[in-house]
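Encoded as structure tokens, the structure appears first; notes follow it.
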Amino acid sequence: MTTDERLQSLERFARGQSLVMREHGLESMRLDRAEMAAFEKAKQVGYLVCKGHMFRVYELWYAWCTVTQQPFMAINCRRRRAFVELELRDLTAELGDEGLELIGKIFLDKNPIGLPVGHGLDRRACTHTNVPIYKVDEQAHELLRIVKDYLRPAQR
């Protein structure tokens, strides 16, 4: 299957029109309006914002990023805090040392109200918890800029 065929299949899948890509573990479904809006916005801005339990669109966004070879970023919003996930495992690239250091600074230094920061960080995946809701878009744009500037071919 070509990349274009895979993307078309994912689009049909999002609308509940066909079964798609068993390698991603996706089952046929139809996204509701909120999920579809989140998916369409994610394609525009480069990251998914989930409010509540949006597992179907989360899995679809992961598959979309894998097919398009773009970094997977999802922000799971709660009432006042968010969980930010940046995933590069399915790309043929990884973060260089400088990019990793810059992301580490974002995750460790950008906690303005002094709550404990949960984080995980390596060349292929990064997570950050306790991000204030009002900071998630700023942080997402900053993370995507760093990834764009410091992504290099993976050395496996």
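Values quoted throughout were computed directly from the atomic coordinates according to the rules given, and no laboratory measurement underlies them. Since the structure is predicted, the reported quantities are computational estimates derived from the model, not experimental observations. Cβ sites come from the backbone with ideal geometry, for glycine too, and all protein chains shown count toward neighbours.
Peptides 61-71, 93-103, ordered by how many other C-beta atoms sit within 10 Å of their residues on average, highest first, read 61-71, 93-103. Pairs from the list K105/K135; K43/K135; K43/K148 with a Cα-Cα gap above 18 Å: K43/K135.
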